[in-house]
Amino acid sequence: MQRCTDGDDSASPASSCSVAVATHRARPLLCNRMERKMEENTVRDVETGSETGGEDALVGNVNKMMVSPPGYSGAPRKGHLVFDACFESGNLGRVDYISEFEFDLFIRPDTCNPRFRVWFNFTVENVRETQRVIFNVVNFSKTKSLYRDGMSPVVKSTSRPKWQRLPAKNVYYYRCPDHRRNYVMSFAFCFDREDDVYQFAYCYPYTYSRLQHYLASLDRRNLPYLQREQLGLSVQQRRLDLLTITNSDHHQSPERGKKLVFLTARVHPGESPASFICQGVIDFLVSQHPVAQILRDHVIFKIVPMLNPDGVYLGNYRCSLMGFDLNRHWQDPSPWAHPTLHAVKQLIVQMNQDPRVSLEFYIDVHAHSTMLNGFMYGNVFEDEERVHRQAVFPRLLCQNAPDFSFSNTSFNRDVVKAGTGRRFLGGLLDDTSYCYTLEVSFYSYMTAGSTAPVPYTEETYMKLGRNVARTFLDYYKLNNLIKDNRPIHIQSSELKSHTGDSNGKGNGVGRDTADREREKSQGVRH
């Protein structure tokens, strides 16, 4: 098992942590036990030929591994590729040399859980200029994938540090008889600069360290309406951050008379688009945009931007360090096995029991590996009026965000989702509260009138987050909970940074009723 490291050195005092001190002392021993257990299971599976063994039971990441032709014993040459995934959020468990131009790549499964193999993130160096290669990712745990629909991995290099998607024409997704008829994703690539280190990933990475740097930059701004606190610590002692965003009223308690919106992200660590959406929400709410100022006057926003920091750091796709899918343990989270989830649930339960607090929204942000666009999952209720009220927010978001699809939004009570935040809190909170899962595609979205999908970028993910934040003003004005009639003058620069295109098309502030009626008459579906 890789990197059972200590957490962030800048952690807050233990007094601010909601998890018991005795639990913290037990964790190093727990990590060691889990490490020994997984290593023993791997050895046993390989020896017995178990399907969970072999290529699917990889424990650690490759570490500066040079792959040379079989039998070669001379000095390393340019073109003998060096693979590495021993870095934060890295994932690559094994590389097999097929030929000078072809390599089989094996995703390392989530720690302590061999079922999940989707996320990959690795570097390649010691390349030869104009060297052409084919990389085959051969052990995906999922069969359905957006690779069938044109999705491609992302790549950057030391001389070109901005992530870009590979051309879709160079990516192939197919069943391979050489790998038990598993689905394989192959992509062709030509290295063009010998001194560059190239990095490939399933989607744009958003690491734990990136989040900490971002939150530290917010701290340095000393914003009076932003409070950052450490709600708890993970098993490996990483921070569980909680942000509270609201304007304070010096004449009364900030909770009194205000609605509360609670948002979480990255319970599934490989779903990195969720972090970009979350950052977009935060960026907008702490800005000087007139809509943000009105929202801070009337609403309290509590945001947990990374619910599974260990899983993110380790490069897992779905699970925590100990192999748990935290989004199936909301009903009874353990303070020692699921400490971050336990701390968040404890806070929400306490707020729900406080008569001063009006918790109206819970939104859990995810990314989806088989669907396009942004969309939501909601709950099913017996009360028909509550059902209609629950559909209001996603309908408004559809008007504000051109990449959000209401037609893909669904409301259900699937039994297998009973342990999720949406389902559990939907049953816990009263009938004035609404719980959603906000999903966004790993790949792309279709807009009104478009004939081809538009691939998401880091910026368009964050733009969706800004549109989510802005939609709360529409919702509360519609329900007469915000009666602020101050004119909202939006500069062209604000339109570009907060609402997308300067012409305002596809956004709630810029789109007028005529635009929406015209789309309706043309049969446009969102």
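Details
- From Leu473, Leu397, Leu438, residue being over 23 Å from His268 (Cα atoms), in the same structural domain as Asp364 (by TED's automatic domain parsing), buried (at least 24 other Cβ atoms within 10 Å of the Cβ) and modelled with pLDDT of 95 or more: Leu397
- Of all residues in the range 447-467, those that are more than 21 Å from Pro305 (Cα to Cα) and in contact with an Asp or Glu (Cβ under 8 Å, 6 or more places away or on another chain) total 4.
- Flag if Tyr183 is buried (at least 18 other Cβ atoms within 10 Å of the Cβ), under 20 Å from Gly93 (Cα atoms), touching a residue at least 60 places away in the same chain (Cβ under 8 Å) and of a type in the set (Phe, Trp, Tyr): no
Residue-by-condition table, conditions (1) under 26 Å from Gly323 (Cα atoms); (2) without any contact (Cβ under 8 Å) to a residue 12 or more places away in the chain; (3) of a type outside the set (A, V, I, L, M, F, W, C):
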site	(1), (2), (3)
Ala85	yes, no, no
Arg108	yes, no, yes
Pro114	yes, no, yes
Val124	no, no, no
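- Applying the criterion of being buried (at least 19 other Cβ atoms within 10 Å of the Cβ) and assigned to a strand (DSSP E or B) to the residues of the range 186-208, the residue that is farthest from the chain's Cα centre (by Cα) is Phe191.
- Of all residues in the range 325-334, none satisfies being more than 14 Å from His268 (Cα to Cα) and hydrophobic (A, V, I, L, M, F, W, C).
- Some residue of the range 263-283 being in contact with a Phe, Trp or Tyr (Cβ under 8 Å, 6 or more places away or on another chain) and surrounded by fewer than 21 Cβ atoms within 10 Å (Cβ to Cβ): no
- Residue match in the range 310-324 (condition: in contact (Cβ under 8 Å) with a residue 40 or more places away in the chain and farther than 17 Å from Asp110 by Cβ): no
- Complete set of residues in the range 355-394 that are in a loop (DSSP other than H, G, I, E, B) and at pLDDT 95 or above: Ser369, Thr370, Met371, Leu372, Asn373, Ala391
- Restricted to helices (runs of 4 or more DSSP H) entirely inside the range 230-341, those with at least 2 residues that are among the hydrophobic types (A, V, I, L, M, F, W, C), out of contact with any strand residue (DSSP E or B) (no Cβ under 9 Å at 6 or more places or on another chain) and more than 28 Å from Ala201 (Cβ to Cβ) are 290-298.
- Any hit, the range 447-465, residues being in contact with a Leu (Cβ under 9 Å, 6 or more places away or on another chain), acidic (Asp, Glu) and assigned by TED's automatic domain parsing to the domain that holds Phe284: no
- Residue within the range 130-145 that is touching a Ser or Thr at 6+ places or on another chain (Cβ under 8 Å), buried (at least 17 other Cβ atoms within 10 Å of the Cβ), in a loop (DSSP other than H, G, I, E, B) and modelled with pLDDT of 95 or more present: yes
- Total residues in the range 98-129, condition hydrophobic (A, V, I, L, M, F, W, C), over 19 Å from Cys190 (Cα atoms) and either touching a helix residue (DSSP H, G or I) at 6+ places or on another chain (Cβ under 6 Å) or not in a loop (DSSP other than H, G, I, E, B) (or both): 2
The values are calculated or read from the model by the stated rules, or taken from the named source; none is laboratory data. Predicted model, so just to flag it, every value in this text is computed and none were measured. Reconstructed Cβ throughout: ideal geometry from the backbone, glycine too, with neighbour counts over all protein chains shown.
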